[in-house]
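K.L.:
Encoded as structure tokens, here's the structure I'll be asking about.
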Amino acid sequence: MALVIEPFNRATHVRSSFCCGEAALDNYIQRQASQDLKKRMAAVFVLIDSPNVEVLGYYTLSAYTVSVTALQENLGKRLPRYPQLPATLLGRLAVDSAHKGQGLGELLLVDALKKTLETSREIASLAVIVEALNQPARSFYLKYGFIPFQQEPMKLYLPLQSVEGLI
């Protein structure tokens, strides 16, 4: 058995029993993810213990824009004064409750950051943006260096320059 993160395939991956404790995240992988893929709204990646195809965790990535004024002043000063700047949205990240406490959330986050960094060489992205659902999720992202937006403390970002230093 080996942990593998791969693009979600609704015909292959078993997600019906996925339960992370957040109804919105459970419903997303069970009912919405395949529609978002089909409509190109999000790229969905799942963690499985291959050859088993049961989803242990997942995350989504999407294109995003951010206002330069929403960023910390020291970062914003060094950027062009375009009204909107390119970023990547880490829209969802969840681990099945049966597998929490095993470092799978960190594994998924690092994979998402690596994918973002790799694709930013072809499609520009200044930072990874997340919107924490609750305080524990916010604390998780803060632990990895994410910075809260000035006006929205549950919305955080990690500049890709910082990602390069982490990976």
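The values are calculated or read from the model by the stated rules, or taken from the named source; none is laboratory data. Only a predicted model underlies this, so the values are computations on that prediction, with no experimental measurement involved. FYI the Cβ positions are ideal-geometry reconstructions off the backbone, even for glycines, and counts take in every protein chain you see. To get the accessible areas, we keep the full protein, side chains included, count just its heavy atoms, and leave off ligands, DNA and RNA. Shrake-Rupley method; radii C 1.70, N 1.55, O 1.52, S 1.80 Å.
K.L.:
Considering the values (i) 42, 16, 13; (ii) 41, 20, 13; (iii) 28, 16, 15, which represents semi-axes √(5λ) of the Cα gyration tensor in Å as calculated for the structure under consideration?
P.N.:
Read-out from the structure maps to (iii).
K.L.:
Right, next: For the range 9-53, rounded, prolate or oblate, judged on the Cα gyration tensor with a ≥ b ≥ c (square roots of eigenvalues), a/c < 1.5 rounded, else prolate if a/b > b/c?
P.N.:
Working: a/c = 2.01, a/b = 1.12, b/c = 1.80.
Because a/c hits 1.5 or more and a/b fails to exceed b/c, the range 9-53 counts as oblate.
K.L.:
Going by a ≥ b ≥ c, the root eigenvalues of the Cα gyration tensor, does the range 98-152 fall in the rounded group (a/c under 1.5), the prolate group (a/b larger than b/c) or the oblate group? Mind dumping the intermediate values first?
P.N.:
Numbers: a/c = 2.82, a/b = 1.21, b/c = 2.33.
Since a/c reaches 1.5 but b/c is at least a/b, the shape of the range 98-152 is classed as oblate.
K.L.:
Go ahead and estimate [θ] at 222 nm for the chain from helices alone: -39,500 (n - 2.57) per DSSP H run with n ≥ 4, summed, over the residue count, rounded to 500. Could the numbers behind the result be given before it?
P.N.:
Working: 6 runs with 47 residues, N = 167.
Calculated at 222 nm, the ellipticity per residue is -7500 deg cm²/dmol.
K.L.:
Probe radius 1.4 Å, ligands and nucleic acids left out: which of MET41, MET1, MET154 has the largest accessible area, and how do the rest follow?
P.N.:
On the way: MET41 120, MET1 155, MET154 65 Å².
Solvent-accessible surface, decreasing: MET1, MET41, MET154.
K.L.:
Using a simple charge model, +1 on the beta-carbon of Lys and Arg, -1 on the beta-carbon of Asp and Glu, nothing else, what dipole does the chain show about its Cα centre, in debye to the nearest 20?
P.N.:
Values: 17 positive and 15 negative charges, 92 e Å.
In debye, rounded to 20, the chain gives about 440.
K.L.:
Quick one: net charge around LEU166, please, counting Lys, Arg +1 and Asp, Glu -1 for every other residue with C-beta under 13 Å from its C-beta.
P.N.:
On the way: positive: LYS114, LYS143; negative: GLU106, ASP111, GLU164.
Local charge sum for LEU166: -1.
K.L.:
With all protein chains present, how much of the accessible area of the chain (probe radius 1.4 Å) comes from carbon and sulfur, to the nearest whole percent? Numbers along the way, then the final one.
P.N.:
Details: 4780 of 9180 Å².
Of the solvent-accessible surface of the chain, carbon and sulfur hold 52 percent.
K.L.:
Taking LYS39 as the anchor, which aspartates and glutamates have their alpha carbon closer than 14 Å to its alpha carbon, excluding any fewer than eight residues away along the same chain?
P.N.:
none
K.L.:
Which residue fluctuates the most in the chain, going by a Gaussian network model with Cα springs under 10 Å, if the choices are THR116, THR88, THR12?
P.N.:
THR12
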